[in-house]
Amino acid sequence: MPPSPLGCRLAPLGIFLAICLIGQSPAAEQTGPPRAAVASAHPAATRAGIDILAAGGNAFDAAVAVGAALAVVEPYSSGLGGGGFWLLHRAADARTLMIDARERAPLAAHRAMYLDDQGQFVPERALDGPLAAGIPGLPAALTHLSTRYGRLPLGTTLAPAIALARDGFAVDRVYRDYAAFRRDTLRASPAAAAQFLVDGEPPPPGHLLRQPDLAATLDALAREGQAGFYAGPIAERLVTAVRAGGGIWTADDLRDYQAIERAPISGTYRGWHLVSAAPPSSGGVLLIAMLNMLDTLDAAALTGTERTHALVEVMRRAYRDRARSLGDPDQTAVPVEQLTHPLYAAGLIRDFDPRRATPSRLADLDCAPWTERRPADQIPPPESHHTTHFSILDRDGNRVAATLSINYPFGSGFVAPGTGVLLNDEMDDFSAQPGVPNVYGLVGGEANAIAPGRRMLSSMSPTFLESEQGIAILGTPGGSRIITMVLQSVLAVTEGAPVTDWVTRPRIHHQFLPDRIQFEPDALSAADQAALAAKGHRLEPLQRPFGNMQAIFWDRAHGRVQAASDPRGIGSAWVE
Ligand code: GLY
């Protein structure tokens, strides 16, 4: 059989070299930065981080405060009922690690749970209601981070979030838009409708939204630590409500949940050391793979359409591998060393043709029955504020990049009565039926099939970059587009662009399937579009911008710290 254009039949490499020092920065900081900084998707969360730093907390304490505050004021993005990935760097011993607080499939999960009697995927079963919810990881991450890395008690670091939940916050336009988008799903859960709607409708901007049950659950977490959520009355209420609503959680699912420390993925690109999320996120692996391919193409020398063409072709190839090979590393063999090896990247990109696009359908003829079919009832959300990201740097040089999620806006739309906890619908990130796309159009196969206790594959990509010039901390929400957005910001960093550029540059995206270049308004001129179409690319202009990048740069060369919050969102960046 002939090799496919994307090297699908590449023989396994005989030698895999370690490309990086996993878990260790190349150069420990000599001195701390001159300023601390916080950038998050909501001003109230940024404020919580500032207050905790001012109270003597370190970056990890501030991260607990920001993560918990976002759970209150951005219920459409993340929350105690969700999970995420936390990239940490501790300056004292130059240790870099990832806390994997990804949701797990319940122990009763099975691969047919979202299929109908004919074996066809029913998308809404994986998106709406408690059957769509994985076992949450955020509460475990908050307690893990606080007890292992923080200086302050959890009662102090959770206090801003508890106050926001108890006393209320003013509804903003993003909240209103997403509540309108998910109104019918929220209405189906009486406790969710009572918490997030007013008389069954999205509240108007300025409405003071109070969440007393959520305040009480946060308080239980503050007093009792992990057991305050995963055992006792809160856990009982969660399990009872989930099962009454058609879900399959058990007390064992909650009791067994643990956040896991993992070595992040690292690599180098043009003198910068990059660290990003490891599986079960696909972020770090794909970032290194794409940067390796760009290096092979010497893409830094390209401009205009030629650069866009090269970017699209590396995205296509990396997302093809995502679909084929990535999943929960504790349950499936993920070939990380191979996928992040420069020689493998050279093989993947060897059939790159500067004159024409490589059609994705030719990429995988012998690999999988992928389809571009998108269920008609899956309407993409209006923007990309589902999932959230924040970045923190303290004066000691400790840093955090955290990307947190409950998946689709307002997650599953289900609140367990008496808890205030909105459950995720992260189960849709599994490949529920091989080759059939999920809500983001992503396809997958065996490596990401549903299995009991398995963590579903993610795209979340909290990232650090480090060189002689400085240290960058960045990340963004945006579903399947997260990784390509971070890639484009990484390129901006390595080009020496200012931090405001990292968050504002217009974005393009390709994810293997659907085989189209999606792009923000203004990202491609009419001439660019014509030139790309002439190479055989299919183009999908998007009506609205996407992403909500939060970034910090400790510019060591000039002894300064800068931060920026994406103008597409309503967040705020603060430098001490
Ligand atoms: N739920 C989006 C992601 O984890 O990639």
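Data for the structure
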read-out: Sole residue being touching a strand residue (DSSP E or B) at 6+ places or on another chain (Cβ under 7 Å), closer than 14 Å to F390 by Cα, surrounded by 24 or more Cβ atoms within 10 Å (Cβ to Cβ) and not polar (S, T, N, Q), chosen from L87, L145, L138; value: L87
read-out: Qualifying residues in the stretch 450-485 (those that are more than 12 Å from the ligand (Cβ to nearest atom) and of a type in the set (S, T, N, Q)) - the one farthest from the chain's Cα centre (by Cα); value: Q469
read-out: Qualifying helices (runs of 4 or more DSSP H) (wholly inside the stretch 207-299; at least 1 residues being open to solvent by 30 Å² or more (accessible area, probe 1.4 Å) and in contact (Cβ under 8 Å) with a residue 60 or more places away in the chain); value: 212-224, 232-244, 251-256
read-out: Test: residue in the stretch 146-156 that is over 15 Å from G57 (Cα atoms) and touching a Leu at 6+ places or on another chain (Cβ under 8 Å); value: no
read-out: Count of residues meeting criterion [touching a residue at least 12 places away in the same chain (Cβ under 8 Å) and among the charged types (D, E, K, R)] in the stretch 300-313; value: 2
read-out: Every residue from the stretch 411-450 that is open to solvent by 10 Å² or more (accessible area, probe 1.4 Å), within 18 Å of A193 (Cβ to Cβ) and in contact with a Gly (Cβ under 7 Å, 6 or more places away or on another chain); value: F414, L422
read-out: Residue in the stretch 169-184 that is open to solvent by 60 Å² or more (accessible area, probe 1.4 Å) and in contact with a strand residue (DSSP E or B) (Cβ under 8 Å, 6 or more places away or on another chain) present; value: yes
read-out: Unmet requirement for I552, which otherwise passes all of (1) free of Cβ contacts under 8 Å to residues at least 40 places away in the same chain; (2) open to solvent by less than 40 Å² (accessible area, probe 1.4 Å); value: (1)
read-out: Condition check for G56: out of contact with any Phe, Trp or Tyr (no Cβ under 8 Å at 6 or more places or on another chain), more than 16 Å from the ligand (Cβ to nearest atom) and in a loop (DSSP other than H, G, I, E, B); value: yes
read-out: Flag if A109 is within 16 Å of the ligand (Cβ to nearest atom) and either surrounded by 24 or more Cβ atoms within 10 Å (Cβ to Cβ) or under 18 Å from D253 (Cβ atoms) (or both); value: no
read-out: Tally, over the stretch 263-304, of residues that are more than 22 Å from G470 (Cβ to Cβ) and within 14 Å of the ligand (Cβ to nearest atom); value: 7
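A quick yes/no check of all residues on (1) farther than 21 Å from D353 by Cα; (2) within 22 Å of the chain's Cα centre (by Cα); (3) among the charged types (D, E, K, R); (4) at pLDDT below 95:
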{"site": "A497", "(1), (2), (3), (4)": "yes, no, no, no"}
{"site": "T504", "(1), (2), (3), (4)": "yes, yes, no, no"}
{"site": "F512", "(1), (2), (3), (4)": "no, yes, no, yes"}
{"site": "D522", "(1), (2), (3), (4)": "yes, no, yes, yes"}
{"site": "A534", "(1), (2), (3), (4)": "no, no, no, no"}
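The values are calculated or read from the model by the stated rules, or taken from the named source; none is laboratory data. In this text the structure is predicted, and so the values were computed from the model without any measurement. Neighbour counts run over all protein chains shown; Cβ positions are idealised from the backbone, glycine included. Note: accessible area is taken over every heavy atom of the protein model, side chains too, but ligands, DNA and RNA are not part of it. Shrake-Rupley method; radii C 1.70, N 1.55, O 1.52, S 1.80 Å.
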